[in-house]
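Everything on this sheet refers to the single structure shown next.
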Amino acid sequence: MQFVETRLSGAWLIELEPARDHRGFFARTFCTRELAQQGLETAFVQHSTSYSSTRGTLRGMHFQRAPHGEVKIVRCLKGAIWDVIIDLRANSPTYLQWQGFELTGENRRQLYIPVGFAHGLQTLQDDTEVGYLISAFHNPAAASGVRYDDPAFGMAWPLPVGPMSEADRAWPPFVAHHGHAREMKACSRCG
């Protein structure tokens, strides 16, 4: 596995190193030793899959509020996605910056997303399936998000936005208060 730094602090693109022969190839997609050598999370308590039948489907931008934050490793298993992350960690040098990555069933890239990031994706093909390794159990009370079109971030999506959940359309506008993200943790002065 090769770990490629992204523009966002703590987020990594993971490239496979396939061993090829006449049959095809074999490649490691997860290795606790290699992740630990990079100083990354190695304990994942859930493995989930999403399937989208229609090109242009948008899912996101999701995160869990502290203390239920989660690390994710995302991989497109079939089809193609534009995978987007936003750094919502107020103490980060890349606070409020976003970056997008094309993950496909063919390029087999994975994206390591640290705690404190919002994550979303848009499908680039019909019949797209995505796998997620997740370090924390889902906590519905901690589930939160920011809008896919929030002007605070200026994210660019490659296709017109297609099917999307009502919950994702209803995320409130992002507002930074007193040096931290209101959506990330409640501010005692803001209520």
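Observations
- Radius of gyration and maximum dimension Dmax of the range 1-58, Cα, Å: 15.1, 39
- FRET efficiency for the pair S9 and S165, taken as 1/(1 + (r/R0)^6) with r the Cβ-Cβ distance and R0 = 35 Å, rounds to 0.75.
- Computed E for A143/A36 - FRET, C-beta separation, R0 30 angstrom, nearest 0.05: 0.55
- The mean sequence separation of alpha-carbon pairs under 8 Å and at least six residues apart, normalised by the residue count of the chain, gives a relative contact order of 28 percent.
- Label-to-label distance, nm, for residues given as N91 and R23 (7 Å Cα→Cβ offset): 4.9
- Calculated mean residue ellipticity, 222 nm, the chain: -1000 deg cm²/dmol, from DSSP H runs (n ≥ 4) at -39500 (n - 2.57) each, averaged per residue and rounded to 500.
- Each Lys or Arg adds one and each Asp or Glu subtracts one; over the other residues with Cβ under 13 Å from the Cβ of T42, this totals -1.
- Globularity ratio of the chain, using Cα Rg and 2.2 N^0.38 Å: 1.03
- Proxy reagent accessibility, fewest Cβ within 10 Å first, across T29, T6: T29, T6
FYI, it's all coordinate maths here, none of it is from the lab. As the structure is a computational prediction, the values presented were derived from the model and not from experiment. Backbone-built Cβ (ideal geometry, glycine too); neighbour counts: all protein chains shown.
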